[in-house]
Amino acid sequence: MPTPISTSAAPTAVAGAAEARLFVHARLLTMCTGGIDGHDSIAAVDGRIAAIGGQAEIRRRFPDAEVVDLEGRLVTPGLIDCHTHIVYGGDRSAEMERRLAGESYESIARAGGGILSTAAATARLTESELAATALPRIDALLADGVTTLEIKSGYGLELEVELRCLRAAHRIATLRPLSVSATYLAAHVVPPQFPGGSDGYVEQICSQYLPAVAASGLADAVDAYCETIAFSVDQVARVFERARDLRLPVKLHADQLCNMHGAALAARFGALSADHLEFTDAAGVAALARAGTVAVLLPGAFYFLRQQQAPPVRALRQAGVPMAIASDCNPGTSPMSSLLAAMNLAAVEFGLSTEECLAGVTREAARALGVLADRGSIEVGKSCDLAVWNVEQPAALVYSLGSRPLLQRVWRGCPLPAPAAPAAPAAPAAPTVSDR
Ligand SMILES: [Zn+2]
């Protein structure tokens, strides 16, 4: 077990971050410059970084501050998971058994499984139950050093349940010390037997759902799923035009299963991010570069779906498109609650460098959420969100799987111990033979 970091005073409650606190004797990977920063100490005041410098200078400037001695450890910005569907009801692990036994996804969906089973299970839960159900997955991400988490709705389908999911996302931010960005995934899947089909549903989203979500103030952005099995370019454009009218930023699930020219669509609307991008072509990459839209890579879904075509990482890199990495934690295609694992998969499966992986879960993930001015790097003026690691080299955070290298998180200037291994989720009824 790692030795606990010594402090000159007992850590104060998370809510009371009013006083100055110094984090000294660190190896700082600020993500502003390449490599380890020459300075070794940070002063946080009211939860924000007030100064970065040498230990003697920082101690002299803040003589009354509590001091946290990081004992030479590697410190990065707190990690940011910029794409998750982590709030949902139900459990689809039995589907994996059925698929491994040879049953097709279509057959499982026809028998009531798939995304609509998650939607049905989600609709049965209250706001507090939705938040509580997500906590084991949240805790796993916190144990990876995550301090900011994006949470999408999208399994609610109907307005009332969508709003409940967004409220559950905000409730999570009151149950755990972390920052939450909530995204309204407006066009995810067409509810069965919806009058007018997908066009009718898009009309309902634009005329009723989006204005209501905007008025609620619960969503930081609007998302959609552009795929042949979901919504067309024209339908998504209608949703995005309405979002623009309502001054909500947009992001898009684009080109995951085929080239729908989703990246170009996202760029046309100045989207914060275009996510997946396995089938994005050269024109799509160029459009992302011109728009400054972040490419969010989701290697967990690529892995679980056993996809063959990786996103055009080399073209994205050459065009200067910022690349972020996220867990895409969701019950259907990426049941993965580890951002460190996503980094490893991005390196192994997509060929990202370790530096790109680290930037992808810090600076570029912040950019993908539109919060770069506040988070994503260790800079004066930003929120003092840090991850303290038990590793020698930054590359070690990408290299291994399952090693649990986090020693400590710091969120808004408050040091927090690394969460223990997450508790198992509330046990559902034991599976019976008929469940198979
Ligand atoms: Zn997604």
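Details
- Taken together, the residues in segment 248-259 that are crowded, with 24+ Cβ neighbours inside 10 Å and of a type in the set (A, V, I, L, M, F, W, C) amount to 3.
- Residue that is nearest to H253 (Cα to Cα), among those in segment 317-335 that are without any contact (Cβ under 8 Å) to a residue 40 or more places away in the chain and surrounded by 23 or more Cβ atoms within 10 Å (Cβ to Cβ): S334
- All positions within segment 312-341 that are within 14 Å of the ligand (Cβ to nearest atom) and closer than 17 Å to R367 by Cβ: A324, I325, A326
- Residues of segment 279-302 that turn out to be closer than 20 Å to E150 by Cβ and of a type outside the set (S, T, N, Q), as a count: 12
- Of note, Q309 satisfies the criterion of being away from the ligand (no atom under 14 Å from the Cβ) and either crowded, with 23+ Cβ neighbours inside 10 Å or not in a helix (DSSP H, G or I) (or both).
- Filter pass, S232 being away from the ligand (no atom under 16 Å from the Cβ) and either under 29 Å from P311 (Cα atoms) or open to solvent by less than 30 Å² (accessible area, probe 1.4 Å) (or both): yes
- Filtered by the rule that a residue be crowded, with 16+ Cβ neighbours inside 10 Å and either within 14 Å of the ligand (Cβ to nearest atom) or within 21 Å of A341 (Cβ to Cβ) (or both), segment 290-306 gives V294, A295, V296, L297, L298, P299, G300, A301, F302, Y303, F304.
- Condition met for A94 (touching a helix residue (DSSP H, G or I) at 6+ places or on another chain (Cβ under 7 Å) and surrounded by fewer than 18 Cβ atoms within 10 Å (Cβ to Cβ)): yes
- Restricting attention to segment 356-387 and to residues that are assigned to a loop (DSSP other than H, G, I, E, B), touching a Pro at 6+ places or on another chain (Cβ under 8 Å) and closer than 14 Å to E150 by Cα, the residue that is most open to solvent (accessible area, probe 1.4 Å) turns out to be G370.
- Any hit, segment 59-67, residues being in contact with a strand residue (DSSP E or B) (Cβ under 7 Å, 6 or more places away or on another chain), part of a helix (DSSP H, G or I) and at pLDDT 95 or above: yes
- Look at segment 231-253: where a residue is within 12 Å of D199 (Cα to Cα) and a partner is small (G, A, S) and more than 16 Å from the ligand (Cβ to nearest atom), sitting 6+ places away or on another chain with Cβ atoms under 7 Å, you get F231/S198; Q235/S198.
Rundown of residues vs (1) within 30 Å of D275 (Cα to Cα); (2) of a type in the set (F, W, Y); (3) crowded, with 20+ Cβ neighbours inside 10 Å, yes/no style:
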residue: T33; (1), (2), (3): yes, no, no
residue: D37; (1), (2), (3): no, no, no
residue: D40; (1), (2), (3): no, no, yes
residue: D46; (1), (2), (3): no, no, no
residue: I49; (1), (2), (3): no, no, yes
residue: F62; (1), (2), (3): no, yes, yes
residue: L70; (1), (2), (3): no, no, yes
residue: L79; (1), (2), (3): yes, no, yes
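- Checking A271 against (1) within 15 Å of the ligand (Cβ to nearest atom); (2) crowded, with 24+ Cβ neighbours inside 10 Å; (3) assigned to a helix (DSSP H, G or I), the condition it does not meet: (3)
- The residues listed here are A243, A237, A212; of these, the one that is hydrophobic (A, V, I, L, M, F, W, C), over 26 Å from L277 (Cβ atoms) and either away from the ligand (no atom under 16 Å from the Cβ) or not in a helix (DSSP H, G or I) (or both) is A212.
- At least 2 residues being away from the ligand (no atom under 16 Å from the Cβ), in contact (Cβ under 8 Å) with a residue 24 or more places away in the chain and not hydrophobic (A, V, I, L, M, F, W, C) is the threshold, and among the helices (runs of 4 or more DSSP H) wholly inside segment 90-156 those reaching it are 93-100, 127-142.
- Test: residue in segment 180-201 that is open to solvent by less than 30 Å² (accessible area, probe 1.4 Å), modelled with pLDDT of 95 or more and over 29 Å from G376 (Cα atoms): yes
The values are calculated or read from the model by the stated rules, or taken from the named source; none is laboratory data. No experiment lies behind these values; they were computed from the predicted model shown. Counting neighbours? That spans all protein chains shown, and the Cβs are built from the backbone with ideal geometry, glycine included. Keep in mind that these areas ignore ligands, DNA and RNA; they rest on the heavy atoms of the full protein, side chains included. Shrake-Rupley method; radii C 1.70, N 1.55, O 1.52, S 1.80 Å.
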